[in-house]
């Protein structure tokens, strides 16, 4: 019997990368997983990759976190015990050059989208006196990353939002934690390499080498390694871990 058998999980951005890896890790522990993402075909492909060794029935929801109104009643009525907030990062660039609409759009995507999901799901968690909310954000909440100005700003807002919720919901048996991936082999890393190469005129290989030079582990992470941290925080035994930022970065972050 899996330690999460009987628990239902909603994994946002679950069609690829860290989201899909987290969904796979939760399914392997027995959770019944619903994947949420914008595009139907990748979701269907991802759904086929989830283990059902414990007899679970997994599902999917096609939705954009910028337009959740149509699916919020479904989400609220499903009885999710676990919520994984995970959404694509914004384009890179200096903060000073960011347009107001860029900042507002990313705030809506990452903060308001998370808030809408929590408002829909948390009442059910409170009624059962058990819940796990994990936000996949970035090490930039500890140390801002150069040329990711909008991301640094909004990820920090998500971290403060999560810390506030952790205090408000703890007495209901609900934990709220953040996982902070370092450089991880995903489409997001490919995007960053391309953007930095275009901005500097250097090759993507040189950009990657410079990034790895800052990582004591001297390699990029696999998405499964980040997912392991996500799954750990969702387990019953992790119920006294609340309101933390957990870096999974090969030792790159220098702050405590």
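Nothing in this text is a laboratory measurement; each read-out follows from the coordinates by a stated rule. All figures in this text were calculated on a predicted structure; none of them were measured in a lab. Positions of Cβ are backbone-derived with ideal geometry, glycine not excepted, and every protein chain shown enters the neighbour counts.
Structure data summary
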| read-out | value |
| --- | --- |
| Within a Gaussian network of the chain (alpha carbon springs, distance under 10 Å), most fluctuating of 156, 97, 113 | 97 |
| Degrees, to the nearest 10: 223-234 long Cα axis against longest axis of the chain | 40 |
| Which of 240, 183 has the fewest Cβ neighbours within 10 Å, and the rest in rising order | 240, 183 |
| Principal-axis tilt of helix 149-169 within the chain, Cα atoms, nearest 10 degrees | 30 |
| Two-site FRET efficiency, residue 255 against residue 222, from Cβ-Cβ distance with R₀ of 22 Å, rounded to 0.05 | 0.35 |
| Bridge type composition, the chain - antiparallel percent by DSSP, nearest 5 | 5 |
| Separation in nanometres of the label points that stand 7 Å from Cα toward Cβ, at residue 212 and residue 44 | 3.8 |
| Likely footprinting exposure, 163, 254, fewest C-beta neighbours within 10 Å first | 254, 163 |
| Förster radius 30 Å - calculated FRET efficiency between residue 185 and residue 237, Cβ distance, rounded to 0.05 | 0.55 |
| Most mobile of 221, 209, 63 in a GNM of the chain (Cα contacts under 10 Å) | 209 |
| Residue exposure sequence - 246, 50, 96 - by fewest surrounding Cβ within 10 Å | 96, 246, 50 |
| Crossing angle, helix 113-128 versus the chain [Cα axis fit, 0-90 degrees, rounded to tens] | 30 |
